[in-house]
Amino acid sequence: MSLFGNKAGKRLKLQHQEKKTSLHCCVLLCTNSSRYNSILSFHRFPVDEEVKSVWTAKIRREDFSPTDGTRVCSVHFLPGDFVGPRHLKKGAVPCLFAWNKFSIPTPRLNVWQRHPRPPTPELLPADTTEEEDSVQPMEVTVTDHDCCVTPNTSVVVYELTRENEKLREKIEQLQHQLESLQLRSTFGLQRIAGSDEDIRFYTRFASYKSFLAFWKQVEPAANTKFVRISSANAASGIPHRATKLLLVDELLLFLMYLSVGLPLRDLANRFSIHRTTVSRIITSWTHFLYHLLGSIRLWIPPEDVKAHLPPEFAAFPDTQVILDCTEICCQTPSSLLLHSEVYSSYKSHTTFKAMIGIAP
């Protein structure tokens, strides 16, 4: 019993000495101490040499070799590294330091520090002079401690930074998705500009380059002389565009109506406009291109035709034009009079008749 009592006494004495000895964190720029903070836990270096070398490398101290008294405080560990409030998991490694943009949040001031109470009149001396009133109070510096920092609150800034980065990346992805959806939701020249095959299908132009060449010839007159036709007024006299579409997209809509024969409802859905607006655009561009292209000289000078006359026309040297008649199928009109005028017994359908002339 005496031997057991001596051992118990020595153990109690050692524990009492350890409590009196304050522990300090060995990490650079960290001033945590067990003397001023009883909430934090301080941990020895692991016995495993491999894990111990990882701890030493993480701390980044030159010529540093840890001893039995060397400690690392719990501020530098993640919350998932703990089993219970003060026990580390096996293999846990410190990873939160000042050089990887981790900083301990400043503790929140208490109500007395946030709202200092003014002195009561009873405490002021009755014979206060003006000189005493002019004396500035002494500034009292209070040492900030991290008593309120726990393993859970020590990583708040680190987690918020990571969350902000993830949210910023997600916002960029959503912006790209929104731009692609906006491009897909509305039909326009930009959507088919990268495909000459689509240009040929929708406009009958050979390529996007040839379409732009035609648009550059038409654009000056479209910006100055374009007259919008409406059902209320056959010539409204509006010199600028009255729809939300660009003029080049209106031309694309008109060409799609001619080349593909899409109905008004389909064009309205593609360009996100009303069917009445589609009808006005088609009518306006029909009149505009008729007057614009009709003013261009179509006949080649006789001397040029004679200079480039093929050998097959040697017996007819004065030939200037070859004429032919063609028919284009059209919708059946509701009027019986119009139906009788446009019906073709040769095609067995209602057609528009046209005479075409071509230089030899």
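Would you mind stating whether LEU298 is outside any strand (DSSP E or B) and closer than 16 Å to GLY357 by Cα?
Yes, satisfied.
Can you spot a residue in segment 66-78 that is in a loop (DSSP other than H, G, I, E, B) and either touching a Cys at 6+ places or on another chain (Cβ under 6 Å) or aliphatic (A, V, I, L, M) (or both)? There is at least one residue in segment 66-78 that is in a loop (DSSP other than H, G, I, E, B) and either touching a Cys at 6+ places or on another chain (Cβ under 6 Å) or aliphatic (A, V, I, L, M) (or both). There is no residue in segment 322-343 that is touching an Asp or Glu at 6+ places or on another chain (Cβ under 7 Å), hydroxyl-bearing (Ser, Thr, Tyr), outside the structural domain of ALA206 (by TED's automatic domain parsing) and at pLDDT below 95. Among residues of segment 175-190 being surrounded by fewer than 16 Cβ atoms within 10 Å (Cβ to Cβ) and modelled with pLDDT of 80 or more, the one that is nearest to LYS209 (Cα to Cα) is GLN190.
Listed residues LEU245, LEU289, LEU267, LEU293; which is touching a Phe, Trp or Tyr at 6+ places or on another chain (Cβ under 7 Å) and in a helix (DSSP H, G or I)?
LEU267
Entry remark, segment 301-319: residues being surrounded by 14 or more Cβ atoms within 10 Å (Cβ to Cβ) and either in contact with a helix residue (DSSP H, G or I) (Cβ under 7 Å, 6 or more places away or on another chain) or of a type in the set (Val, Ile, Thr) (or both) number 2 in total. Please determine, by comparing only the residues of segment 317-335 that are in contact (Cβ under 8 Å) with a residue 24 or more places away in the chain and in a loop (DSSP other than H, G, I, E, B), which one is farthest from ALA359 (Cα to Cα). Result: THR319. Considering segment 17-75, and only residues there that are of a type in the set (A, V, I, L, M) and more than 47 Å from the chain's Cα centre (by Cα), the residue that is surrounded by the fewest Cβ atoms within 10 Å (Cβ to Cβ) turns out to be VAL47. For SER279, are the conditions met, namely being surrounded by 15 or more Cβ atoms within 10 Å (Cβ to Cβ), modelled with pLDDT of 90 or more and farther than 28 Å from ILE358 by Cβ? It is true that SER279 is surrounded by 15 or more Cβ atoms within 10 Å (Cβ to Cβ), modelled with pLDDT of 90 or more and farther than 28 Å from ILE358 by Cβ.
The values are calculated or read from the model by the stated rules, or taken from the named source; none is laboratory data. Keep in mind it's a predicted model, so treat the numbers as computed, not measured. Backbone-built Cβ (ideal geometry, glycine too); neighbour counts: all protein chains shown.
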